[in-house]
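Please see the structure below; I have some questions.
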Amino acid sequence: MPELPDVEVSKQYLDATSLHQRIVEVEVLAPEMLKDMSVKELKQVLEGDAFESSRRHGKYLFINLRNGHFLVLHFGMTGFLTYFKNMEKEPPHERLLIAFSNGYHLAYDCQRKLGQVALAEDVAAFVEERKLGTDAMEIDVDSFKRALSVTRASIKSALMDQKRIAGIGNIYSDEILFQAGVHPQKKASQLDESSVEKLFRAMKEVLSSAVECRADPERFPKDYLIPHRRVDKICPKCGGDIETAKVSGRTAYFCPNCQGSHQ
DNA sequence: AGTACCACCTGACGGC
DNA sequence: TGCCGTCAGGTGGTAC
C-alpha cells in the first residue's frame, strides 16, 4: 500500500523478481487506468522488451525498459504488485498483467482503480510536469524548511502536499507528527525552528524504519502510532486515548497528550 | 494564488 | 438477510 515506504518495498520486490526478462505479452484489464496512451501503444512499448532497472520518486515507481522508455506506476490507495507462476495465485483485481518468457507473470492489482499507469521518456521531466516536490527520503533540512514555510495550511496538509514534499500520505504524516510531538492541526507557518528540525528528523527516521520493516505495521517499533490507529486507539507512548480530527478532508489520528495543542 | 472540497472507484462494515 | 450510509493509507479538477 501506497505511501513512500510501501512504494519503496514494491520497488525492491520488482527489482528482485522482474528485471532482465523478455516480456512476451501485456494484458490490460482496465484500459481506463492508462494515462495519455492507448492499450496498443503500451503493448508496443513493452512487448519484446525487458525491464532493466527501476526508480522511485515519492509515490511513483518508474520502471526503465531496455528501449529507454519508462513504465510509470502509481498505486492509488489500493495498488500492489505480485509476481507468480501458477495462475491460481492471480490476484483478485488485476489491472495489468505482464507475462515473461520464463513463464512467470507480474500483476498490477488495484482494487479501487485510483492508481495510474503511464509511460514516460524521462523521470525528471515527468516530475517537473506533475510539479512533484523533492522526494521525502532525498530532501535536505533547508529545502524541508523552505517547503513548509510558505503556506497557511496545517502542518499535516503541508506534509501530505506532493508538490512540497513527495511521498508522504495520510498514515505516515500522522506517524511523523506523532514521533515529533506536533499537533496535526498546527499551522505549518507557526512552527518554531526547533519543531521543524524535529519534524525533519522524525520524517527521515519514520520513513527509513518503515522501509526496513517492509512497511509491515506488525514489525514497527513499539512506540509507533500506526499499529494502534483504528485498533485499540491507545497511545503507545503515554497510554492515553488516541483522538481523531478531520484535516483537509482526511482523518488524522493523534495523541492530544503527546502532541500538544494546535494553538 | 493558494487552499479546501468533491468526484473518481470498489468493497467492507455497522446499524436498522 | 438485505439495504443504506459511512469510511478507506490518493489525487485532479474545481470552487471559494
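Give the peptides A:23-30, A:125-132 in descending order of average Cβ contacts within 10 Å, highest first.
A:23-30, A:125-132
A follow-up question, please. How much length is gained on full extension from A:LEU114 to A:ASP140, taking 0.36 nm per residue of separation minus their Cα-Cα distance?
6.3 nm
How large is the helix-only mean residue ellipticity at 222 nm for chain A, computed as the sum of -39500 (n - 2.57) over DSSP H runs with n ≥ 4, divided by its residue count, in deg cm²/dmol to the nearest 500?
-8500 deg cm²/dmol
Still on this structure, please answer the following. What is the distance in Å between the Cα centres of segment A:88-112 and segment A:1-78?
That distance is 12 Å.
Another question, then. Could you give the spread of the C-alpha atoms of chain A along their three principal axes, from largest to smallest, in whole angstroms?
The Cα atoms of chain A stretch 58, 37, 28 Å along their principal axes.
At a 10 angstrom cut-off on C-beta neighbours, averaged per residue, how do the peptides A:162-170, A:184-192, A:217-225 rank from highest to lowest?
A:162-170, A:184-192, A:217-225
Ratio of alpha-carbon Rg to the 2.2 N^0.38 Å globular estimate for segment A:134-259, to two decimals, please.
Computed over Cα atoms of segment A:134-259, the ratio equals 0.98.
Under a cut-off of 12 Å between alpha-carbon atoms, report the aspartates and glutamates in cross-link reach of A:LYS43, not counting same-chain residues fewer than 8 places apart.
Reachable aspartates and glutamates: A:GLU25, A:GLU27.
Compute the angle between helix A:4-17 and the longest alpha-carbon principal axis of chain A, please, reported from 0 to 90 degrees and rounded to the nearest 10.
The helix A:4-17 is inclined about 30 degrees to chain A.
State, as an integer percentage, the relative contact order of chain A based on alpha-carbon contacts under 8 Å between residues 6 or more apart.
17
How would A:PHE51, A:PHE80 line up from fewest to most surrounding beta-carbon atoms within 10 angstrom?
In order of increasing Cβ crowding within 10 Å: A:PHE80, A:PHE51.
Can you pull the Rg over Rh of segment A:198-258, Cα-only, Kirkwood?
0.97
Give the aspartates and glutamates reachable from A:LYS131 as a straight Cα distance under 18 Å; neighbours fewer than 8 places away on the same chain don't count.
Counting by Cα, and skipping residues close in sequence, A:LYS131 has these aspartates and glutamates nearby: A:GLU3, A:ASP36, A:GLU121, A:ASP122, A:ASP161.
How do the peptides A:67-74, A:33-40 rank, highest first, by the average count of neighbouring beta carbon atoms within 10 Å per residue?
Top to bottom by mean Cβ count within 10 Å: A:67-74, A:33-40.
Further question: Counting each pair of different Cα atoms once, what's the Kirkwood radius of segment A:4-129 in Å, rounded to one decimal?
One over the average 1/r among Cα pairs gives 14.3 Å for segment A:4-129.
With label points built 7 Å along Cα→Cβ from the Cα atoms of A:LYS222 and A:ILE234, find their separation and express it in nm.
About 1.3 nm separates the two model spin labels.
Over 22 Å between C-alpha atoms is what I'm after, so list which of A:LYS198/A:LYS222; A:LYS145/A:LYS204; A:LYS186/A:LYS246; A:LYS59/A:LYS222; A:LYS35/A:LYS145 land there.
Check vs 22 Å cut-off fails for A:LYS59/A:LYS222; A:LYS35/A:LYS145.
Let me ask something else about it. Note the full-extension length gain between A:GLU27 and A:LYS131 as 0.36 nm times their separation in residues minus their Cα-Cα distance, in nm to one decimal.
34.4 nm
Rule-based calculations on the coordinates, nothing more; no lab input. Keep in mind it's a predicted model, so treat the numbers as computed, not measured. With ideal geometry, Cβ positions are generated from the backbone for all residues, glycine too; neighbour counts draw on all protein chains shown.
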